[in-house]
Amino acid sequence: MNLKSIIKRIFLLDAYYPRTIIASIILLTIFFMWKIPELKIDPGLRSLVPPNHKIVKNMELAEDLFSSNEIVIIAVESEDLLSRTTLMKFSSMHDSLASIPSVSRVGSIYNQKYIVPDDGGFEIQKILQKIPEDSIETSNFIETIQASEIIGSLISSDLNIMCFVAQISAPTDFDEIAFRKNLFRIVNRFEDPENIYIASSIISAAESIDSVKRDMRTFTPIALGLMIVLLILSFRSWTGTFLPLFVVAFSILWTFGLMAWLEISVPIIGGLIPIMLIAIANNYGIHIISHYYEFTKLDQNLDRVEILKRTMKRLGMPIFLAGFTTVISFLSLLTHELTKVREIGALVSFGIAVSFFLSLLFIPAILILVPRPTYLGKEKSLEAVNNFLVNWGKFFVKNNSTFLIFLFSGMFLFSFGIRDITIDTVPDNYFPKDSKIRRASAVINEVFGGSTQLNILIEGDIYDPNSLNHIDKLMNHIKEKNDVVSSTYSIADVIKKMHFSFNNGNVDSLKIPFSRELIEQYMFLYSIAGEDNDFDLILNDTDDPNYSQGFVRIKKVSTADLMALVDDTEDYIHSNYYDGNPINPMLSGPAALLGAVSHSVIRGQIISLAMASLILFMIMAIVFRSFVGGVLASLPMMLAVILIFSLLGNFGIPLNMTTSLLTCILVGVGIDYSVHFLWHLREYLREGYDLDSAISNTMKVSGKGILFNGVSVIVGFSVLMFSVFMPLKEFSILIMASIGFCLIGGMAILPAIVSLVKPSFLYK
């Protein structure tokens, strides 16, 4: 059974069992909707990366050993910070922060200790032993602060800002949104008159989800409203307006319902799923409606079944090819390294497949039951659209060489911007520069050296002097090699400080001692003066540790800097630490995860785009039985991809997880427009029309569907330009530009090229 026979059988089902089909689709929709309220949102970055990724494995190991792998910094600004009233107030906040279930430890001036030389030994003293009661005690406290070396890490140099460093236990199933709710409930009680700043990738991720949800609630109805108005103006029919939108709605509900039934959590980029489906899923329905009305206008005596029969005969194959190629373009994301991107690729493919089959089943079934339109031949506006499209095609046919020279010259010059493409996966940068999150990050970056942390998980005989020297060497390399690093901290720093204090502050003694026995003695002496949990973050066992954890604080957050830091550290580890070495360092923490995500975005973009382009070219070459046909069908799509990458570079729009998905939309939509134009053009040529007439007829029939679809998508998504969430705003700009270019590709570039080269495959 060939494809045409299958499409014919589908049409017969529509013709004889329309009510059964409609009822079945509604019941299936209810089935999928049933589980949607149970959908869970996962805003974290870790879920994007495959669970077997080495960074994820390292983070899980660190979580098991140290119960912490991320930090949240809460900074308090006050002109009267060290007054008794303010210190007592925020002592209570320290205790409240420590009570949050996911917080394993809070570091601040209230519990920070420092090592003090003491007659050939050392003492462990608290920086704040009690709240000062007078000016003398306050002055002594300030002297202690200056001697303890916490300026720049826990308190600012002007003593107006202090911070709380909350160590977070964030396993794979960590709920960022619930954590933020608990944190803000506490912080809000203490803010005013003091200013409080909060910075963390955890908070940024939770805020991102809120922004996406808020924008979707606000802008989706507006976008749909604008699309409805445009479709009404285009078709002058309620059926022509709402049937394609019903298909879009059903495909979205089925897709999210499938996610719910399969217990797939919605990632931070999951808000793009309905956007992508709205951009693509209405395509098939609009083409069916457009051709149905065109056949109705040509012969008012035809009944609805015959009109649909002719419509499906003409549209069956191009719609199938358009749907199939679009599904393939999104399935190419299965080659992506990021787990959630692969899931989105599969889910959007499912949604597009649903929209394709519903367009073939639901729309004809409805059209068979509703009265046939009788006014189309009198509608002057539709005739005006037809005349515009015909004249449009004639213009580009007449000026084909001039237009193509201008186009390719402009594309060549514009494409130089590709060299300037940047990548950005830092959650803070998803918000405007004047947003509360960005302002908080700016303050904390400037005063405390940043809120982004790279963790170094170290396996080995930690108390061995050789191991400690290697740890010290590694941490010094990281700090000296990278100007974005504000500070490093490890067990080596603690041992060096102990040795320094034990030797009465002799400068030459600020180093790792040669004796293991002496190191163990230092740790024993510390255990007497200190507390049992003082080393919980850096040693898995104070008696005989075989794992340690070092911390690298990053003062400047940019994806390029993070990637450079992570890459340099990995290269250094691979070059210096291998089997037989006393330590085995492993990267962990948020910065390492961001670096992994960034590399995956780049590699995934290249691989998925190359895979989709190659497969679709081969499909088109097979369909048209011509290498030239494959090239011609793929050309507008590839030009659109070049345009988008050029826009990214020329206008400083970063490549991120959101914008990287746009190429799949481009590939899918671009190839759809090409398929419709070339297929119907070939059909007219086979019917005996000359090339100019065939192009005019194609523009009048297929061009109308292409135009209605493209313009409705552009108008609908124009509202997202007002989003405060930068990825959505950038996505809207890019999708409007890309869909607009795809329109030009299907309605200008192809007519110009075809009329110029007259490819032989169109006549076979």
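Overview of values
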quantity: Some residue of the stretch 98-113 being more than 24 Å from Val187 (Cβ to Cβ) and not aliphatic (A, V, I, L, M); calculated: yes
quantity: Selection within the stretch 542-575 - under 22 Å from Lys473 (Cβ atoms), in contact (Cβ under 8 Å) with a residue 60 or more places away in the chain and part of a helix (DSSP H, G or I); calculated: Ala564, Leu565, Val566, Asp568, Thr569, Tyr572, Ile573
quantity: Some residue of the stretch 367-382 being within 27 Å of the chain's Cα centre (by Cα), surrounded by fewer than 17 Cβ atoms within 10 Å (Cβ to Cβ) and part of a helix (DSSP H, G or I); calculated: no
quantity: Residue among Leu457, Leu389 that is in contact (Cβ under 8 Å) with a residue 60 or more places away in the chain and either surrounded by 22 or more Cβ atoms within 10 Å (Cβ to Cβ) or in the same structural domain as Tyr522 (by TED's automatic domain parsing) (or both); calculated: Leu457
quantity: Residue within the stretch 423-437 that is assigned to a loop (DSSP other than H, G, I, E, B), touching a Pro at 6+ places or on another chain (Cβ under 6 Å) and under 22 Å from Thr658 (Cβ atoms) present; calculated: yes
quantity: Residues of the stretch 35-92 satisfying the condition of being farther than 30 Å from Leu338 by Cβ, of a type in the set (Asp, Glu) and surrounded by 14 or more Cβ atoms within 10 Å (Cβ to Cβ); calculated: Glu77
quantity: Hey, Lys126 surrounded by 13 or more Cβ atoms within 10 Å (Cβ to Cβ), of a type outside the set (A, V, I, L, M, F, W, C), in contact with a Lys or Arg (Cβ under 6 Å, 6 or more places away or on another chain) and assigned by TED's automatic domain parsing to the domain that holds Phe179 or not; calculated: yes
quantity: Out of Phe395, Phe357, Phe406, sole residue that is within 32 Å of the chain's Cα centre (by Cα) and in the same structural domain as Phe250 (by TED's automatic domain parsing); calculated: Phe357
quantity: Only one of Ser613, Ser608 that is outside the structural domain of Leu272 (by TED's automatic domain parsing), touching a residue at least 12 places away in the same chain (Cβ under 8 Å) and touching a His at 6+ places or on another chain (Cβ under 7 Å); calculated: Ser608
quantity: Matching residues in the stretch 253-295 - criterion: being surrounded by 23 or more Cβ atoms within 10 Å (Cβ to Cβ) and either in contact with a His (Cβ under 8 Å, 6 or more places away or on another chain) or free of Cβ contacts under 8 Å to residues at least 40 places away in the same chain (or both); calculated: His287
quantity: Options Ile405, Ile471: the member that is under 30 Å from Leu750 (Cα atoms) and either touching a His at 6+ places or on another chain (Cβ under 7 Å) or of a type in the set (Val, Ile, Thr) (or both); calculated: Ile405
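Here is a yes/no grid of residues against (1) closer than 22 Å to Glu70 by Cβ; (2) assigned by TED's automatic domain parsing to the domain that holds Leu87:
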residue: Val187; (1), (2): yes, yes
residue: Glu191; (1), (2): no, yes
residue: Ile222; (1), (2): no, no
residue: Leu230; (1), (2): no, no
residue: Ser234; (1), (2): no, no
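The values are calculated or read from the model by the stated rules, or taken from the named source; none is laboratory data. None of these values were measured; they are calculated from a predicted model. Cβ: placed from backbone, ideal geometry, glycine included. Neighbour counts: every protein chain shown.
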